[in-house]
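**Student:** Dropping the structure in here first, questions after.
The values are calculated or read from the model by the stated rules, or taken from the named source; none is laboratory data. What you see is a predicted model; the values in this text were computed from it and never measured. Positions of Cβ are generated from backbone atoms using ideal geometry, with glycine treated the same way; all protein chains shown enter the neighbour counts. These accessible areas exclude ligands, DNA and RNA; they are computed on the full protein's heavy atoms, side chains included. Shrake-Rupley method; radii C 1.70, N 1.55, O 1.52, S 1.80 Å.
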Amino acid sequence: MIIEAQKRMTDVLVEQQTANEAPLTMKERLASLGPSAIVAACIIGPGTVTTVSVAGASYGFQVMWVLVLACIAAYYFQRPIVKFTLQTGMSAMDGIRVYLGKKVSIPVYVALLLGAVAFQAGNFIGAALALNFFLPAVSIVGWVSILAFMALIIAWVGVYRLIENINRIIIGTMVGAFVLTVFVAGPSITDVATTGFSFNVPEANYWLILALIATTLPPNTALGLSAFIKRKYENNTTLSTEKKMQLSYFDLRTNLTIAAVIAVSILICAGSTIYLTGAEITGAGDMAYQLTPLLGQYAGVLFALGLFAAGFSSGLFNITVQPHLFGQATGTTESVKALPNRIMITIAAVLPIVVVFFFGGAPVEMIMTAQALNGLLLPIVVGAIWWLCTRRKELGDKANSLRENIAYGAVMLLVCGLAIRVYLDLFGII
């Protein structure tokens, strides 16, 4: 009875503190932009740039509405875990370990690490192709090595504010580069609006729709966002939990809106130039070279700069998140100075260099394995987050409402569709 009375008294005091708090200031809102910027910078990687470029070159503006839908789905995919992290003080991976056990959390982490290593080669090659556009005398392997070691040094320093500020700069660079490229391309606003939001599925290619959505829903983003939110606010005693949630939701909405602007800009750029020529785009690196004769050198330079930012930010995310996810999955320290964590950081940074050196890129078998793991992990991660966010014992009235459960149920159906698409593609059925 005494414990319950104390709890009620604490709840009343928290409610009074929240009620007396001043509205959020613009300074507080701007300071909150960080964890989601890191995740958004990861989402807009070379894979997204390639997928969106190919879609724009093939179908013009017709799939623009899908990109907007994808970023909305990404918001509802990640929003519940913000609430869980701030209410409990645990990250999503902490929750998986505590409530489902290490027999689940450790295999999930291992699968994420293997997937990260496989896709890291593509991240750094994408950034290297962009830098090769500026300095072709340096080989792709040379650029990959330079970029990987730069990311490794940043991760070893491990200062969260530094990582946050670097990703803010990267996001700003991508916005500037890709949006300015659109202005150089000079598309028809009328065509963009009417064609882009006609809600047509070109050539009934529903698998393309799922592929575009999949680029915004990698399984490591929600776990990474949760880990970085925990890191940002774990020692902050000046803000109430409610205010931290408001700031984190603002951070998430802002950066996913920025991600949508970047993706739409890439699509418009490809759709207003390459689509009209009938040229074939097979990778993001092709875009910079294709744009140069069509729009002039500056367009190619801007797109290459955006591609560099996209590749490096995704590679940096996969390295800097390792100590957090490994420590949370195993129940050990998350400090970057701990030897096991530094080993995981080094694996995520150095192994891709080895892969590129010996194979020139990630082997097909390696990519297929990573895709298979992602296809399996995504429903598992979404299901685990959904379950964690319904636990009233820990969350109280912050547990998912009926409306939130319906929204997350829709996300679950979507990711199951994505998983099916991955396996049909791997087995050559589509």
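**Student:** For an R0 of 30 angstrom, estimate the FRET efficiency from the Cβ-Cβ distance between A193 and I72 and round to the nearest 0.05. Present the calculation step by step, with values, prior to reporting the outcome.
**Tutor:** Values: r = 18 Å, r/R0 = 0.61.
The formula returns an efficiency of 0.95 here.
**Student:** Right, another one. Using the Cα centre of the chain as origin and beta-carbon charges of +1 (Lys, Arg) and -1 (Asp, Glu), tell me which of T254, G172, V157 is placed farthest towards the positive end of the dipole.
**Tutor:** Of T254, G172, V157, it is V157.
**Student:** Which whole-number percent is the relative contact order of the chain (Cα, under 8 Å, 6+ apart)?
**Tutor:** It comes to 36 percent, rounded to a whole number.
**Student:** Using a simple spin-label model with points 7 Å from Cα along the Cα→Cβ vector, what separation in nm is obtained for R391 and L424?
**Tutor:** About 3.5 nm separates the two model spin labels.
**Student:** Another question, then. Only helices at least 18 Å long along their axis, Cα-based, and averaging 0.0 or more on Kyte-Doolittle count here, so list those DSSP H runs from the chain.
**Tutor:** Membrane-span-like by this rule: 46-59, 64-88, 102-134, 140-157, 160-185, 241-272, 297-320, 339-359, 364-388, 402-426.
**Student:** Hey, what number do you get for the chain at 222 nm if only DSSP H runs of n ≥ 4 count, each worth -39500 (n - 2.57), divided across all residues, to the nearest 500?
**Tutor:** Roughly -27000 deg cm²/dmol at 222 nm, from the helical runs in the chain.
**Student:** With a point put 7 Å past each Cα toward its Cβ, work out how far T237 is from E203 in nm, to one decimal.
**Tutor:** 6.2
**Student:** While we're here: Which of the peptides 62-68, 392-398, 138-144, 336-342 is most tightly packed, and how do the rest follow, judged by the mean count of other Cβ atoms within 10 Å per residue?
**Tutor:** For the peptides 62-68, 392-398, 138-144, 336-342, the packing ranking is 62-68, 138-144, 336-342, 392-398.
**Student:** Before I look further, what does the chain give for accessible area per residue, probe 1.4 Å, in whole square angstrom?
**Tutor:** 43
**Student:** Let me spell out the model: positive unit charges on the Cβ of Lys and Arg, negative unit charges on the Cβ of Asp and Glu, origin at the Cα centre of the range 184-244. What dipole size does that give, in debye rounded to 20?
**Tutor:** Dipole about the Cα centre, nearest 20: 480 debye.
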